[in-house]
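The values are calculated or read from the model by the stated rules, or taken from the named source; none is laboratory data. Everything numeric here is computed off the predicted structure, so don't read it as measured data. Cβ atoms come from the backbone with ideal geometry, glycine included; neighbour counts cover every protein chain shown. Protein only, heavy atoms only, side chains kept; ligands, DNA and RNA dropped before computing areas. Shrake-Rupley method; radii C 1.70, N 1.55, O 1.52, S 1.80 Å.
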Amino acid sequence: FPEITRMADAGKIPSDAFERLKTKKGIFTIPDKELIIAAGEIVHRHAHIEAWRHSGNPADPWIVAAAKQRRWTVVTEERDTGPKKNKRIPWVCEKEGVLWIRVRHLVEKEKFFS
């Protein structure tokens with residue numbers, strides 16, 4: 001949730017969407033012992049994952065770990081090509097056997113628009 005708040009503050013999420021997200025704060029995953037261990041293992045195997053040690057984007061290993069643990073699909077707009085691809089969520093997801101999709105594919109799959 002702190003990362004979403006930072007994105008809203010930076011104007012990357014519309015304020016009305018952020019207000020709706022705030023009402024859903026209670027469904028965000030709270031790390032338990034197993035998730036903490038799983039995230040640590042992700043970091044150990046993929047220490048290069050983009051900015052996990054920096055305050056700008058520390059959620060990446062947690063997102064991948066939670067998705068792997070709960071068999072969720074990660075929704076991301078990070079690029080999966082280019083020279084830094086092994087520092088991004090899609091690459092780590094693929095190495096960890098976690099499904100991932102882009103937002104537009106989620107919108108199409110869930111038929112958010114007709």
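Find the residue count for segment 96-114, including only residues that are open to solvent by less than 60 Å² (accessible area, probe 1.4 Å) and either in contact with a strand residue (DSSP E or B) (Cβ under 6 Å, 6 or more places away or on another chain) or not charged (D, E, K, R) (or both).
Looking only at segment 96-114, we keep the residues that are open to solvent by less than 60 Å² (accessible area, probe 1.4 Å), and these are 96, 98, 100-102, 106-107.
Checking which are either in contact with a strand residue (DSSP E or B) (Cβ under 6 Å, 6 or more places away or on another chain) or not charged (D, E, K, R) (or both) leaves us with 98, 100-101, 106-107.
Qualifying residue count, segment 96-114: 5.
Taking every residue in segment 80-108 that is within 16 Å of Glu41 (Cα to Cα) and pairing it with any residue that is aromatic (Phe, Trp, Tyr), at least 6 positions away or on another chain, the pairs with Cβ-Cβ distances below 7 Å are Ile89/Trp100; Cys93/Trp100. Give me the pairs: first residue in segment 13-42 and closer than 24 Å to Val103 by Cβ, second residue part of a loop (DSSP other than H, G, I, E, B) and at pLDDT below 90, beta-carbon distance under 6 Å, and six or more apart or on different chains, which are they? Note: pairs meeting the criteria are Lys25/Phe1; Phe28/Phe1. Residues that are within 15 Å of the chain's Cα centre (by Cα) and modelled with pLDDT under 90 within segment 28-45 comprise Phe28, Thr29, Ile30, Pro31, Val43, listed in sequence order. Looking only at residues of segment 61-95 that are surrounded by fewer than 17 Cβ atoms within 10 Å (Cβ to Cβ) and part of a helix (DSSP H, G or I), we find that the one that is modelled with the lowest pLDDT is Asn86.
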